[in-house]
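The values are calculated or read from the model by the stated rules, or taken from the named source; none is laboratory data. Remember, predicted model here, so these are calculated numbers, not experimental data. As a convention, Cβ positions derive from the backbone with ideal geometry for all residues, glycine included, and neighbour counts pool all protein chains shown. Note: accessible area is taken over every heavy atom of the protein model, side chains too, but ligands, DNA and RNA are not part of it. Shrake-Rupley method; radii C 1.70, N 1.55, O 1.52, S 1.80 Å.
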Amino acid sequence: MYLLIPIPLLYTLFDQQGSRWILQGTLMNGKIDFLNWSIKPDQVHFINPLFVLIFIPLFNGVVYPILYEIGINTPLKKVTLGGLFTVSSFGQTLVLPSNEGQLRIINNFDCGVTISGSLVGNVSIEPLNVLHINYSLEEFNKTDVISIDVNPMCQLKTGILQQRVFIVKERVSSYFLTSKNNDGIELTHLNELKKLKSGNSNLRISYSHNLSGKSITLRNTNNKLSDINFKLPLNKNTNHEIPVGTYDVYLDDENILQMTDLLPASVNDLIFHHSFNQTAPLSMKSFISAANLCTQAVGNLLIVIISKMKLFENQLQQHQRSKVCVTHRNLERIFI
């Protein structure tokens, strides 16, 4: 009876695989990229006995002999070690430690940006890139006045900006750097992205000012849901709850992003950069595919041109001339 006292504590956790673990699974990313497969929350019931079948011969043949060599050679020692591993599996890690805050600046310019400040230091952000800086915070938050200098290649009327930013403890403070209507610099504070308890994806849309008036469409590739439409301008401090799925993204009916996975309880940034009246693509896949098909088109075009030149009256004549040439060569060899 004394030995059985801690066993109920084990089952308070273990038996949740039929209840709370499944609910927790709806808030997790179950996608296995190299298998191109997503684990469903209730499939843990299948994985558990599968692991038992795999691990029994593995432990008897490999693990237990190794444990015997290091002194873990009794059932009680093995149970103790297994219990320690079980306890560690229930531990949770936070995205940010409790004494840290993160400053995140999204550069929506297609040229480099230099940022300097007392806390930030002197750092550079590559074109269309993101800066992440973690700070150790003993207080609740910190404030810094940063200077932003945009590379002259962007050809802005005003390429310098000074603005106050806030770093909040245990949070990600996100700022979106883009241009204003008068070709100046604008640094906008974005609201915090959090996982949704419903299990759906949380989407934040940010964009350049010259995209106002355009429409954004998320189209489910499985056609299970109706299209999700947004009309710009949107409030940049508003997040959108999107059902889990794979979507194609359209800007004014132009497909600019394909097969985008919005995973369960994920947080996502959809950022639009507009330059020279064209949306910058995140991938060259469509262009490369088009270039590959162009090689076939050019080959077929050459066939049309050669056939229209009528170098020979017909294909048979061309074939006979080639045979005559071969015969003359053979006769010449025989004569020699």
Checklist line | Check on S198, in a strand (DSSP E or B), among the small types (G, A, S) and either surrounded by fewer than 18 Cβ atoms within 10 Å (Cβ to Cβ) or under 27 Å from the mean Cα position of the chain (by Cα) (or both) | finding: no
Check: I167 passes all but one of (1) free of Cβ contacts under 8 Å to residues at least 60 places away in the same chain; (2) open to solvent by less than 30 Å² (accessible area, probe 1.4 Å); which number fails?
Finding: (1)
Next item on the list: Can you confirm whether region 131-142 contains a residue that is at pLDDT 85 or above, in contact with a strand residue (DSSP E or B) (Cβ under 9 Å, 6 or more places away or on another chain), within 17 Å of D269 (Cα to Cα) and open to solvent by less than 60 Å² (accessible area, probe 1.4 Å)?
Entry: yes
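Give the residues of region 230-249 that are closer than 26 Å to L187 by Cα and under 22 Å from the mean Cα position of the chain (by Cα), sorted by residue number. Working first, answer last.
Residues of region 230-249 that are closer than 26 Å to L187 by Cα, as a first pass: 230-241, 249.
Hits for region 230-249 are F230, K236, N237, T238, N239, H240, E241, V249.
Each row is one residue, and each column tells you yes or no for (1) touching a residue at least 40 places away in the same chain (Cβ under 8 Å); (2) of a type in the set (D, E, K, R); (3) under 21 Å from S208 (Cα atoms).
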position	(1), (2), (3)
S226	no, no, no
N229	no, no, yes
P233	no, no, yes
H240	no, no, yes
P243	yes, no, no
T246	no, no, no
L263	yes, no, no
S266	yes, no, no
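Yes/no matrix, rows are residues, columns are (1) free of Cβ contacts under 8 Å to residues at least 12 places away in the same chain; (2) under 30 Å from F176 (Cβ atoms); (3) open to solvent by 60 Å² or more (accessible area, probe 1.4 Å); (4) not hydrophobic (A, V, I, L, M, F, W, C):
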{"site": "L3", "(1), (2), (3), (4)": "yes, no, yes, no"}
{"site": "L10", "(1), (2), (3), (4)": "no, no, yes, no"}
{"site": "G18", "(1), (2), (3), (4)": "no, no, no, yes"}
{"site": "V62", "(1), (2), (3), (4)": "yes, no, yes, no"}
{"site": "I66", "(1), (2), (3), (4)": "yes, no, yes, no"}
{"site": "N73", "(1), (2), (3), (4)": "yes, no, yes, yes"}
{"site": "T80", "(1), (2), (3), (4)": "yes, no, yes, yes"}
{"site": "N107", "(1), (2), (3), (4)": "no, yes, no, yes"}
{"site": "G112", "(1), (2), (3), (4)": "no, yes, no, yes"}
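Against the condition open to solvent by less than 60 Å² (accessible area, probe 1.4 Å), among the polar types (S, T, N, Q), more than 17 Å from L262 (Cβ to Cβ) and under 25 Å from the mean Cα position of the chain (by Cα), how does Q43 come out, does it pass? Explain how you work it out, then say what you get.
Numbers: open to solvent by less than 60 Å² (accessible area, probe 1.4 Å): yes; among the polar types (S, T, N, Q): yes; more than 17 Å from L262 (Cβ to Cβ): yes; under 25 Å from the mean Cα position of the chain (by Cα): yes.
Here the answer is yes, as Q43 does meet what is asked.
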Next item on the list: Give me a count of the residues in region 256-296 that are open to solvent by 80 Å² or more (accessible area, probe 1.4 Å), at pLDDT 70 or above and on the phi > 0 side of the Ramachandran plot.
Entry: 1
Item checked: Looking only at region 204-232, and only at residues there that are open to solvent by less than 20 Å² (accessible area, probe 1.4 Å) and assigned to a loop (DSSP other than H, G, I, E, B), the one that is modelled with the lowest pLDDT -> S208
Next item on the list: Those residues that are outside any strand (DSSP E or B) and under 14 Å from I160 (Cα atoms), I need them from region 109-124; list them, please.
Entry: F109, C111, G112
